[in-house]
1. Of all residues in the range 124-165, count the ones that are small (Gly, Ala, Ser), farther than 26 Å from Gly242 by Cβ and surrounded by fewer than 24 Cβ atoms within 10 Å (Cβ to Cβ).
2. On the given criteria, is Leu273 over 28 Å from Val169 (Cβ atoms), out of contact with any Lys or Arg (no Cβ under 6 Å at 6 or more places or on another chain) and part of a helix (DSSP H, G or I)?
3. Could you name every one of the helices (runs of 4 or more DSSP H) located completely within the range 79-164 that has at least 2 residues being among the hydroxyl-bearing types (Ser, Thr, Tyr), touching a residue at least 24 places away in the same chain (Cβ under 8 Å) and within 28 Å of Val236 (Cα to Cα)?
4. Mind checking which residues of the range 17-45 are at pLDDT below 90 and under 15 Å from Leu132 (Cβ atoms)?
5. Tell me the residue from Met239, Met210, Met198, Met204 that is under 19 Å from the mean Cα position of the chain (by Cα) and farther than 23 Å from Asp129 by Cβ, please.
6. With the requirement that a residue be out of contact with any strand residue (DSSP E or B) (no Cβ under 6 Å at 6 or more places or on another chain), outside any loop (DSSP other than H, G, I, E, B) and among the aliphatic types (A, V, I, L, M), what does the range 248-264 give you?
7. Has the range 101-122 got at least one residue that is of a type in the set (A, V, I, L, M, F, W, C) and closer than 22 Å to Ile15 by Cβ?
8. Just a yes or no: is a residue in the range 155-163 hydroxyl-bearing (Ser, Thr, Tyr) and more than 22 Å from the chain's Cα centre (by Cα)?
Amino acid sequence: MYPILFEIPGLGWPIRSFGVMVVLGFLLGTHLLTRWYQNSTEDPERHSDGLAALPVWVMIGVIFGARFAYVIVELVGNTPTGQAYKADPLSVLFIWQGGLVMYGGCFGSILMGWLCLRKHKMPFKHTLDLALVAGFFGLAIGRIGCLLVGDDFGSIVDPKYADWSFPLVLHVPETLRDGSLFGEGNRGQVLWATQPWMTANAAMLGFLGMRFLKTRKYAGQVGLKLLLLYSIGRYVIEMFRGDSIRGLWDLGFTTQSTSQLVSVGLFVTCAFLLWRNRGKHEDGAAITGHANTEPDAA
């Protein structure tokens with residue numbers, strides 16, 4: 001794996017693969033959202049200022065939301081990292097040391113995106129539909145960074161499945177490069193290839209989202225469908241994860257990760273809203289050419 005791609009000559013600053021893939025994914029998602037939004041309105045220049053500002057607001061939401069969720073998990077779980085945060089509260093701001101939670105970033109980006117759209121009088125539900133489809137394509141790229149750095153790794157595979165090939169399983173090298181997050185205990189082990197699974201899951205949701213947009217009955221429907229499907233995929237993949245740093249909770253009858261608990265809540269919420277809106281139909285909602293982008297209710 002390649003946690004560090006190279007160092008800037010003369011400065012010695014490392015260029016990390018995870019950061020590069022996240023930036024590439026963010027740029028792809030921004031490009032797709034901007035293009036789709038402009039194609040879905042008869043006046044592409046009407047919200048040009050809002051479209052220019054939206055990626056910045058979303059990025060702020062992603063970073064702070066993901067970090068906030070991670071810190072909360074560590075503090076509530078009273079882990080060694082959480083205890084370090086209590087001893088040195090300013091260290092919670094040291095994002096470069098690692099520690100981000102995807103669900104926190106997702107909810108943070110939606111909140112900041114809503115504030116930006118409200119400021120620029122842009123339609124929230126319509127934009128959210130487009131942004132989530134674009135965002136899942138971006139996430140598919142970003143998750144490649146998890147594989148390169150060794151983050152979000154899977155649990156050790158049962159020996160009877162160890163002969164399976166990539167991308168089902170992942171053979172961790174005996175010698176790990178500097179900056180690898182696979183951990184000493186995983187040297188030479190065969191792990192479930194959860195990072196490629198998350199990339200494939202995100203890409204699949206992106207393509208499904210494009211199809212959902214063409215048959216959309218109301219603004220917001222695509223977002224609800226994608227979040228519901230993501231919660232299912234994330235819950236299942238979490239069952240094969242091997243990094244306990246994400247927070248594990250003993251419920252007595254079962255042990256669940258933080259993301260699994262959030263997935264259950266997200267699934268129930270989205271399923272309820274889809275059921276409640278099952279008879280709803282807005283004229284011109286399907287994205288087959290131009291669509292109505294008048295401000296809608298949040």
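1. Matching residues across the range 124-165 total 1.
2. In short, yes.
3. On the way: elements: 80-87, 102-119, 124-149.
By residue number, 102-119.
4. Of everything in the range 17-45, just one residue is at pLDDT below 90 and under 15 Å from Leu132 (Cβ atoms), namely Ser40.
5. Numbers: Met210 fails: farther than 23 Å from Asp129 by Cβ; Met198 fails: farther than 23 Å from Asp129 by Cβ; Met204 fails: farther than 23 Å from Asp129 by Cβ.
None of the others qualify; the one that does is Met239.
6. Step one: filter the range 248-264 for residues out of contact with any strand residue (DSSP E or B) (no Cβ under 6 Å at 6 or more places or on another chain), giving 250-254, 258-264.
Among the residues that remain, those that are also outside any loop (DSSP other than H, G, I, E, B) are: 250, 258-264.
Leu261, Val262, Val264, listed by residue number.
7. The first filter runs over the range 101-122 and keeps only residues of a type in the set (A, V, I, L, M, F, W, C), leaving 101-102, 106-107, 110-112, 114-117, 122.
Retained after the next criterion (residues that are closer than 22 Å to Ile15 by Cβ): none.
Scanning the range 101-122, I find no residue that is of a type in the set (A, V, I, L, M, F, W, C) and closer than 22 Å to Ile15 by Cβ, so the answer is no.
8. Keep residues of the range 155-163 that are hydroxyl-bearing (Ser, Thr, Tyr), which gives 155, 161.
Narrowing the set further to residues that are more than 22 Å from the chain's Cα centre (by Cα) leaves 161.
The answer is yes; a qualifying residue exists.
The values are calculated or read from the model by the stated rules, or taken from the named source; none is laboratory data. Keep in mind that this is a model prediction, so the values were computed, not measured. Don't worry about glycine lacking a Cβ; one is built from the backbone with ideal geometry, like all the others, and counts go over all protein chains shown.
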